[in-house]
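The values are calculated or read from the model by the stated rules, or taken from the named source; none is laboratory data. None of the values given here were measured: they were computed from a predicted structure. Backbone-built Cβ (ideal geometry, glycine too); neighbour counts: all protein chains shown.
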Amino acid sequence: MFRYQTFGLNITSEIDCADLLPGREGLPDVHVRHGPVPEQLENPIGQGVLYQVSTGLFLLKLDHIAKYLVCNGNEIIVDAAREADADALKSIFDPALRMW
């Protein structure tokens with residue numbers, strides 16, 4: 001498990017993001033893990049070309065990279081595409097994706 005700090009949050013992650021600052025010990029604000037992510041949310045209350053939103057959930061789908069599911073603002077589940085490389089998976093930490 002890796003520990004990082006970014007956007008003022010302490011993060012534990014199953015994804016190696018060595019470009020981020022090391023995190024502090026203790027309970028994380030956000031946990032990033034690999035796992036299955038649905039193609040769509042049930043009864044979304046908002047959506048766009050790449051995302052859907054429902055109460056407590058944010059689904060982001062980046063073709064050929066991964067599907068990301070943010071749950072309750074403190075867990076991010078990453079479902080990598082078969083063709084994705086490790087650097088592409090780190091895109092979740094890109095400042096352009098600060099929406100959650």
Name every residue in the stretch 23-39 that is surrounded by 10 or more Cβ atoms within 10 Å (Cβ to Cβ) and either outside any strand (DSSP E or B) or over 15 Å from the mean Cα position of the chain (by Cα) (or both), in order of residue number. Gly23, Arg24, Pro28, Asp29, Gly35, Val37, Pro38
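This table checks each residue for (1) of a type outside the set (Asp, Glu); (2) at pLDDT 95 or above; (3) within 21 Å of Thr6 (Cβ to Cβ).
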site: Gly23; (1), (2), (3): yes, no, yes
site: Gly26; (1), (2), (3): yes, no, yes
site: His34; (1), (2), (3): yes, no, yes
site: Pro44; (1), (2), (3): yes, yes, no
site: Gln47; (1), (2), (3): yes, yes, no
site: Gly73; (1), (2), (3): yes, no, yes
site: Arg82; (1), (2), (3): yes, no, no
Determine which member of the set Arg33, Arg3 is touching a Pro at 6+ places or on another chain (Cβ under 8 Å) and among the basic types (Lys, Arg). Arg3
Checked the stretch 1-10 for anything outside any strand (DSSP E or B) and surrounded by 11 or more Cβ atoms within 10 Å (Cβ to Cβ); matches are Phe7
Which numbered condition Ser13 misses (of (1) hydroxyl-bearing (Ser, Thr, Tyr); (2) at pLDDT 95 or above; (3) crowded, with 16+ Cβ neighbours inside 10 Å): (2)
Return the pair list, or none, for Cβ contacts closer than 6 Å from residues in the stretch 70-83 that are in contact (Cβ under 8 Å) with a residue 12 or more places away in the chain to residues that are in a loop (DSSP other than H, G, I, E, B) and surrounded by 12 or more Cβ atoms within 10 Å (Cβ to Cβ), at least 6 apart or on different chains. Val70/Trp100; Ile77/Val37; Asp79/Val37; Ala81/Ile65
